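Here's the structure, in C-alpha cells; my notes come after.
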Amino acid sequence: MKNIVIGQYAPGKGFFYRLDPRTKIITVVFLMVAVFLLESILQVSIALFVTLFLMIIGKISIGRVAKGLRPLFVLLLFTFSFQIFLNREGALLLSQPMNIGLYSLLGVLVLTVLWRLLARFKKFKGLLFLFWLAGVYALFAYLPAIGPIFKVFDFEIYESGVVTSIFVVVRLLIVISLSTVLTLTTKPTDLTQGLESLLRPLKRLGVNSDDFALIISISLRYIPTILDEANKIMLAQASRGADFNEGKLVEKVKQIVSLLIPMFIIAFKRSEDLADAMESRNFVPGKPRTRIHELSFGMTDLVTAIFTVLVFAGAIVLRVLP
Amino acid sequence: MAIRFRQVSYAYPGYGLGNYDAIKNITLDIAAKGEFIALVGQTGSGKSTLAQHMNALIFPTEGTVEIFGKIVGPKRDRTIKYNELRRKVGLVFQFPEYQLFEETVEKDIMFGPMNFGVPEEAARKMAWTALDLVGLGPTYLKRNPLNLSGGEKKRVSIAGILAMEPQILVLDEPTSGLDPRGKATMMDLFKSIREATGKTIVVITHDMDLVYEYMDRVLVLDKGTLAFDGTPDELFRKPNLETLHLDYPATIRVLSAVAKDLGIAVDIYQKDVAAAVSAIQKAVRP
C-alpha cells in the first residue's frame, strides 16, 4: 500500500523544470501528434534518439523514465508479439514447423517451474524470462516428434510483421516517455494550474475550468491521505482478527466491508471539514481568485515553442511529401 | 515473559530522503500478568510503532519480537498464525472511527470474536460481558455506534477488543480527546479491568498525572530509543525530565513550588490531590 506513488514528480533542476507548465502541456501534445504522423521506421528511430537527446539535455535520468515505463512493459510486449505473429505480409523471414506434444508440454511445465523458482533472484528477472522464452521455443521446434503429438503448425515470421512491431513499439515508447517527462518535471499543482489556464477559453461554452482545476488538485492532494487512512483502518481491523490475506470468500467480503465503511465515513467527514476550512478562509465558489504564483512565459518557453513548431511542421511535411 | 523485544528497529520507507527510523534498538520484556505499563514520549517518538509490534501487526526491520513463544522477525513465517497472536495481545487504536463499522454496537463488538471462529451465540455473550466491563449498559447494544459521543465510541472500540478476551491489552492514547472526568473514568475502568482479570495493560499516554497516579511501570521513548524503563517514582525523581521531552505531574510541580516559594518543608512526591493536601497539612500543622 505504501509503495504507490501518485504523481511521479521528482524535484530537480534543468531545462524542463524551468518551463511554464502550459508550454510543456502543449508541447507534449503536439510532439505526440507529430510522432503519430511519422510513417517509416527510420523516422521514428530518429524521433526516439531526439527524445533521448532531449532528456539528456534536460538532465533527466533515463533510468528514472525507464522505471516509469516498467508497468507498461507488459503492454509493450503484447503489442510487439501480436504484431510479429499476426501480421502476414511481405517476405517470409522464418518458417519453423512446431510440434505440440506430450513431452514438449511436460518440458514447458518443468521450465516454467524452474523459472518461477529462480524468480527470487530479482536482478536477473528480464534475463530469466528471455531464457524461458527461448527454452519454450526450442522445445516446440527441436524436440524430436516422439510420444503423442497434439498439433503441428508452422511458426512463421514475415518481414512486415517485424517492421510494424518495431515501429509500433518505438512509437509507443516515445509517447510514453514524453508524458513521463511531463509528469516527472511538473508538480501536480502546476499541472492543474496549467490545465486550468489552457481550458479557460472553454468558459464561453459553459465549462468552468477553475472548478475543474480545483477538483483535480483536491483529489490529487487527498489520494495519499486517504491511502494512509486506509492503511490505518486495515491495521485496526487486522488487530480485531480481520485477515485480509487469508480466509474464505464470505469472510473476505465481510472484511472488505469492515474496511470500506470506515473509509467512506472518514472521507465524507474530511470533505466536510475541508469545505468548512475553505469557507472560513472566504472561499466562494465561482468567484475569481488570485494566486501566489502567477504563470509567466520566458525565453525558454519561446525556444521550446519554436522547436515544437519546427518538429510539427517537419512531421507534416514528411507525411505530405510522397 | 509474554512479550520480549530483542534489539528491535523499525524503519518506514522514505522517498528520496532514505528510510525513517521510527524505533531503534529496543530491548524490553512485558509479563503476561499484572503489569500496568505506561508508554510515554513526545509526538513522533515511536510509541504507536512500538505498540503495533506487540501484536505482530507490523514486523521489525531488524531484531525479533517474541510474543507468547512465537518469534516474529523481519520476514513472514508461514508456520506462525499471526491472527492468534493478535487475539492474545489486543490492540486498541487511537481513533475509534478507524474500526467501528457495523449498524449496531452489539454486532460491532461481535466482529472480533467471530473473526476468531467463535460461534454467534457465544460471541453475543462475550459482547454483552465486554460492554458491561467498559461501563456501558445493555441499552447501548442496539444503538448505532456511529451516532455515539466520542467517549462512548472509545468505550465501544475498547469493548470490541476486550470481547476477544486477549491476555494482554494495549491501548493507543485511550484518554486523548476526553474531558478530565472522562479521563479519570477511563483510567478507573482499566484499573477495574486489571483487578477483575489480572491482565497486563499497556497504555500510551501524554498525561503524566495519570501515569504517576495509576501506573506501576513507565517506558519512555525518546526519538525512537528506549530512554527509561522503570517505575513512575524513579522517573519523576529524576532532575532533568525536560531532556526526555517530558513534564512533571501537576502534584509535583505544585508541591515543589509550595516548598520553594513558600518555604514549607513538604514531601513533594505525592501521587494525587488528596495525598498532596494531606502532605501540606502535615508540613504546616505537624
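The values are calculated or read from the model by the stated rules, or taken from the named source; none is laboratory data. Fair warning: this is a prediction, and the values are worked out from it, not measured in the lab. Backbone-built Cβ (ideal geometry, glycine too); neighbour counts: all protein chains shown. Protein only, heavy atoms only, side chains kept; ligands, DNA and RNA dropped before computing areas. Shrake-Rupley method; radii C 1.70, N 1.55, O 1.52, S 1.80 Å.
Of all residues in region B:192-213, those satisfying the criterion of being farther than 16 Å from B:Ala159 by Cβ, more than 13 Å from the chain's Cα centre (by Cα) and either open to solvent by 50 Å² or more (accessible area, probe 1.4 Å) or aromatic (Phe, Trp, Tyr) (or both) are B:Glu195, B:Asp209, B:Tyr212, B:Glu213.
Can you pull out the residues in region A:53-64 that are surrounded by 15 or more Cβ atoms within 10 Å (Cβ to Cβ) and either hydroxyl-bearing (Ser, Thr, Tyr) or out of contact with any Phe, Trp or Tyr (no Cβ under 6 Å at 6 or more places or on another chain) (or both)? Matches in region A:53-64: A:Leu54, A:Met55, A:Ile60, A:Arg64.
The condition of being open to solvent by 50 Å² or more (accessible area, probe 1.4 Å) and within 14 Å of another protein chain (Cβ to nearest Cβ) holds for only one of B:Asn25, B:Asn19, that being B:Asn19. Note on region B:226-244: among residues that are hydrophobic (A, V, I, L, M, F, W, C) and in a helix (DSSP H, G or I), the one that is surrounded by the most Cβ atoms within 10 Å (Cβ to Cβ) is B:Leu235. When the test is whether a residue is on the phi > 0 side of the Ramachandran plot, in contact with a strand residue (DSSP E or B) (Cβ under 7 Å, 6 or more places away or on another chain) and either in a loop (DSSP other than H, G, I, E, B) or more than 13 Å from every other protein chain (Cβ to nearest Cβ) (or both), B:Gly117 does not pass it.
Among residues of region A:219-237 that are in contact (Cβ under 8 Å) with a residue 40 or more places away in the chain, those with a Cβ under 6 angstrom from a residue that is surrounded by fewer than 18 Cβ atoms within 10 Å (Cβ to Cβ) and outside any helix (DSSP H, G or I), sequence gap 6+ or separate chain, pair up as A:Ile223/A:Ile6; A:Asn231/A:Met1.
Report, ordered by the first and then the second residue, all pairs with beta carbons closer than 8 Å, sequence separation of six or more or different chains, a first member in region A:108-121 that is over 16 Å from A:Ala134 (Cβ atoms), and a second member that is open to solvent by less than 90 Å² (accessible area, probe 1.4 Å). That search, which allows pairs on different chains as well, returns A:Ala119/A:Leu128; A:Phe121/A:Leu128.
One line per residue, one yes/no per condition, for (1) within 14 Å of chain B (Cβ to nearest Cβ); (2) aliphatic (A, V, I, L, M):
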residue: A:Gly12; (1), (2): yes, no
residue: A:Arg22; (1), (2): no, no
residue: A:Met32; (1), (2): no, yes
residue: A:Ser45; (1), (2): no, no
residue: A:Ile100; (1), (2): no, yes
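The listed residues are B:Val92, B:Val72, B:Val65, and the only one of them that is under 27 Å from B:Ala227 (Cβ atoms), within 11 Å of another protein chain (Cβ to nearest Cβ) and in contact with a helix residue (DSSP H, G or I) (Cβ under 9 Å, 6 or more places away or on another chain) turns out to be B:Val92. Selection over region A:189-213 of residues that are in contact (Cβ under 8 Å) with a residue 12 or more places away in the chain and assigned to a helix (DSSP H, G or I) gives a count of 16.
Yes/no matrix, rows are residues, columns are (1) within 14 Å of chain B (Cβ to nearest Cβ); (2) open to solvent by 60 Å² or more (accessible area, probe 1.4 Å); (3) of a type outside the set (Phe, Trp, Tyr):
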| residue | (1), (2), (3) |
| --- | --- |
| A:Phe155 | no, no, no |
| A:Ser160 | no, no, yes |
| A:Ser165 | no, no, yes |
| A:Ile176 | no, no, yes |
| A:Glu196 | no, no, yes |
| A:Ile226 | yes, no, yes |
| A:Ala230 | yes, no, yes |
| A:Ala236 | yes, no, yes |
| A:Ser239 | yes, no, yes |
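Among the residues of region B:168-180, at least one is in a helix (DSSP H, G or I) and either within 30 Å of B:His206 (Cα to Cα) or open to solvent by 10 Å² or more (accessible area, probe 1.4 Å) (or both). Is it true that some residue in region B:31-47 is assigned to a helix (DSSP H, G or I), in contact (Cβ under 8 Å) with a residue 24 or more places away in the chain and out of contact with any helix residue (DSSP H, G or I) (no Cβ under 7 Å at 6 or more places or on another chain)? Yes, region B:31-47 has at least one match. All conditions in (1) farther than 19 Å from B:Gly150 by Cα; (2) assigned to a helix (DSSP H, G or I); (3) open to solvent by less than 10 Å² (accessible area, probe 1.4 Å); (4) not aromatic (Phe, Trp, Tyr) hold for B:Val65, with the sole exception of (2).
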